[in-house]
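Remarks on the structure that follows.
The values are calculated or read from the model by the stated rules, or taken from the named source; none is laboratory data. Only a predicted model underlies this, so the values are computations on that prediction, with no experimental measurement involved. Note: ideal-geometry Cβ built from the backbone for every residue, glycine included; neighbour counts use all protein chains shown. Heavy atoms of the whole protein, side chains included, go into the accessibility calculation; ligands, DNA and RNA do not. Shrake-Rupley method; radii C 1.70, N 1.55, O 1.52, S 1.80 Å.
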Amino acid sequence: MPRLRICALALSLLLPAPIAAAAAADADPVVAAPAGSVRGVAERDVRIFRGIPYAQAPVGERRWRPPAAAADWDGVRDASQFGAACMQPKPRAGNIYAGSLPAMSEDCLSLNVWAPENAKNAPVFVWIHGGSLMSGSGAEPLYDGSALARRGIVVVTINYRLGMFGYFAHPALSAEASDHVSGNYGLLDQIAALQWVKRNIGAFGGNAANVTVAGESAGALSVMYLMTAPAARGLFAKAVAQSAYMVSAPALRDRVNGMVPAEEQGSDLAAKLGATDLAALRALPAETIADKVPTTGYFPFPAIDGKTVPRQLVDSFDRGEQAPVPILAGFNSGEIRSLRFLLPKPPADAAAYEAAVRAGYGEFADMFLARYPAKNIDESMLAATRDAMYGWTAERLVSDQAAAGKGAYFYLFDHGYPATQEWNLHAFHASELPYVFGTASRTPPLWPKIPDTLAERKLSEAMGDYWASFAATGKPQAKGWPDWPDYADDRGFLHFADTPRAGHNLFPGTAALHEAVVCRRRAAGDIAWNWNVGIIAPSLPPKAEGCQ
């Protein structure tokens, strides 16, 4: 405990209550940032500042508009408590990811900072939470930045608008906007948060020129969109994408890749909510939107608007338009074990499985069946969806950045422990997070409990060291553990099982198979590439120029 905190504690025992409270407040860290002064709390050797607004409240007429910078303030703002979580539906019963959240509100555009004591020009790690763009918060205990901050980096977690609040497009919204587009408000929030970091993080001891943007699942999806968003260029120097998915997105107005245009989706949603115009939409109580929208079939997603999202992610990367930054990206071996809603109903038997695969994959069916055989349908379906979504995306990212001459570090998280093995959740989606953040004791209530053993602590220490060193230098290293080979070195990767192990050429030929399928679908122009994998894959389009 810092000496000032000890002194304050001693004073609290000797002085009258009002004077003791004042003494304790004086011991709390105060930072004078360009936006205004904030008073946080000190925990051991880390200074924590919570609930700092980075944009105006998107309420009333500001609902479904781009974020506006928060006004600077006078005096010292209390930053000891987390801000409200953004509006979201109540979690489903039995959800292993559901934990406690702060109170929800539309007024939720805040961020949190963990800074090492006496930090000066430290690397900055900005974390974007996952949750399918529908749920989550930067305040979740799983994302507590203390352990990473003790490795010498400044950690920032952010809130951004979710669900209909964050990704709702509508012709009337586009008509009233100066750039004639709508949607992507959550992504614009993330950009606004990075702009705030650029302006203010130096006051907390961070280096605004050495920012890593990082996220998992929908947070990693967001990282990819930030890498291709013109307005985000120059706001970060490195990227981390954990379990990203480079799936097709709807266009704002055109019908492409078999997807309904985002504005048309928005018009349909407004009708289901009984709102006939923007005034009625903006008058809807936030709680009504949060509770009712999930029952309509609406799914939030970025829209290709030609502005913030210029084109499909895969097209932007093919053109070399993404941010030229080092990347650390990977996926988990059991991604789909906790996401079985992504799987179709299994076929009746092996013959039906093979017939469906042959109908969908045509000339690639033998390659598919060699990797995902009919002899174990459940495991094959889990692996095929994992590889088509998460594995292909991660390898696509590191391959593209390596080709651009940037550091590219690929991983497979393949670690299990007794509770995950008992529940058939080995290396499930997001299970790497408590190891990266060092928060094994702060997982949600239904999360398979991580045993407090030396081996588990060592794995967490290694992963935290790799991630922190990547944020610092662009090269992940951990003292006492293997060097992490660059993907450019014969498709190098790091395998996190019981301990980290370096390897080369993970799952040979698998990424190439899924790349070939995606290439054909892109060329056809009327087929999505997402979770329509395996037995529900549409018939493979004919070979096109540039595709296998």
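Values computed for the structure shown
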read-out: Checking T288 against (1) assigned to a helix (DSSP H, G or I); (2) touching a residue at least 40 places away in the same chain (Cβ under 8 Å); (3) of a type in the set (V, I, T), the condition it does not meet; value: (2)
read-out: T473 being more than 30 Å from G205 (Cα to Cα), surrounded by fewer than 19 Cβ atoms within 10 Å (Cβ to Cβ) and β-branched (V, I, T); value: no
read-out: Residues within segment 451-470 that are more than 24 Å from G206 (Cβ to Cβ) and either in a helix (DSSP H, G or I) or in contact with a Leu (Cβ under 6 Å, 6 or more places away or on another chain) (or both), tallied; value: 7
read-out: Residue that is within 23 Å of the chain's Cα centre (by Cα) and crowded, with 20+ Cβ neighbours inside 10 Å, where the choices are Y372, Y411; value: Y411
read-out: Filter result for Q190 (polar (S, T, N, Q), under 19 Å from the mean Cα position of the chain (by Cα), closer than 13 Å to P67 by Cβ and open to solvent by 10 Å² or more (accessible area, probe 1.4 Å)); value: no
read-out: Checking D483 against (1) in contact (Cβ under 8 Å) with a residue 24 or more places away in the chain; (2) open to solvent by 60 Å² or more (accessible area, probe 1.4 Å), the condition it does not meet; value: (1)
read-out: Cβ pairs under 9 Å, 6+ apart, first in segment 179-193 and free of Cβ contacts under 8 Å to residues at least 40 places away in the same chain and among the hydroxyl-bearing types (S, T, Y), second crowded, with 24+ Cβ neighbours inside 10 Å and not in a loop (DSSP other than H, G, I, E, B); value: none
read-out: Search result, residues across segment 68-98 that are in a strand (DSSP E or B) and open to solvent by 30 Å² or more (accessible area, probe 1.4 Å); value: A69, V76, R77, D78
read-out: Of the criteria (1) farther than 26 Å from A103 by Cα; (2) free of Cβ contacts under 8 Å to residues at least 12 places away in the same chain; (3) open to solvent by 70 Å² or more (accessible area, probe 1.4 Å), which one V260 fails; value: (3)
read-out: For G525: the one exception among (1) of a type in the set (G, A, S); (2) on the phi > 0 side of the Ramachandran plot; (3) free of Cβ contacts under 8 Å to residues at least 60 places away in the same chain; value: (3)
read-out: Only listed residue being in a helix (DSSP H, G or I) and in contact with an Asp or Glu (Cβ under 9 Å, 6 or more places away or on another chain), chosen from Y390, Y409; value: Y390
read-out: All positions within segment 500-548 that are within 20 Å of M259 (Cβ to Cβ), among the aliphatic types (A, V, I, L, M) and open to solvent by less than 40 Å² (accessible area, probe 1.4 Å); value: V517, V518, I527, A528, V533, A537, L540, A544
read-out: Index of the failed condition, K120 passing every other in (1) open to solvent by 80 Å² or more (accessible area, probe 1.4 Å); (2) without any contact (Cβ under 8 Å) to a residue 60 or more places away in the chain; value: (2)
read-out: Subset tally (residues that are within 30 Å of T453 (Cβ to Cβ) and of a type in the set (F, W, Y)) for segment 495-539; value: 2
read-out: Selection within segment 100-114 - open to solvent by 40 Å² or more (accessible area, probe 1.4 Å), over 16 Å from P67 (Cα atoms) and touching a residue at least 40 places away in the same chain (Cβ under 8 Å); value: S100, M104
read-out: Some residue of segment 151-159 being in contact with a Gly (Cβ under 8 Å, 6 or more places away or on another chain), more than 30 Å from D28 (Cβ to Cβ) and part of a loop (DSSP other than H, G, I, E, B); value: no
read-out: Residue in segment 182-197 that is assigned to a loop (DSSP other than H, G, I, E, B), on the phi < 0 side of the Ramachandran plot and modelled with pLDDT of 95 or more present; value: yes
read-out: Check on G166, modelled with pLDDT of 95 or more, within 15 Å of the chain's Cα centre (by Cα), within 30 Å of T276 (Cα to Cα) and buried (at least 18 other Cβ atoms within 10 Å of the Cβ); value: yes
read-out: Test set (1) outside any helix (DSSP H, G or I); (2) in contact (Cβ under 8 Å) with a residue 12 or more places away in the chain; (3) of a type outside the set (S, T, N, Q); (4) open to solvent by 10 Å² or more (accessible area, probe 1.4 Å) - P294 fails condition number; value: (1)
read-out: Test result for A270, open to solvent by less than 10 Å² (accessible area, probe 1.4 Å), in a loop (DSSP other than H, G, I, E, B), touching a helix residue (DSSP H, G or I) at 6+ places or on another chain (Cβ under 8 Å) and hydrophobic (A, V, I, L, M, F, W, C); value: no
read-out: Residue, most open to solvent (accessible area, probe 1.4 Å), within segment 47-67, restricted to residues that are hydrophobic (A, V, I, L, M, F, W, C) and under 26 Å from R282 (Cβ atoms); value: V59
read-out: Residue match in segment 202-216 (condition: open to solvent by less than 10 Å² (accessible area, probe 1.4 Å), over 15 Å from the mean Cα position of the chain (by Cα) and either closer than 17 Å to F301 by Cβ or among the small types (G, A, S) (or both)); value: yes
read-out: Residue tally, condition among the hydrophobic types (A, V, I, L, M, F, W, C), surrounded by fewer than 16 Cβ atoms within 10 Å (Cβ to Cβ) and in a helix (DSSP H, G or I), over segment 299-350; value: 2
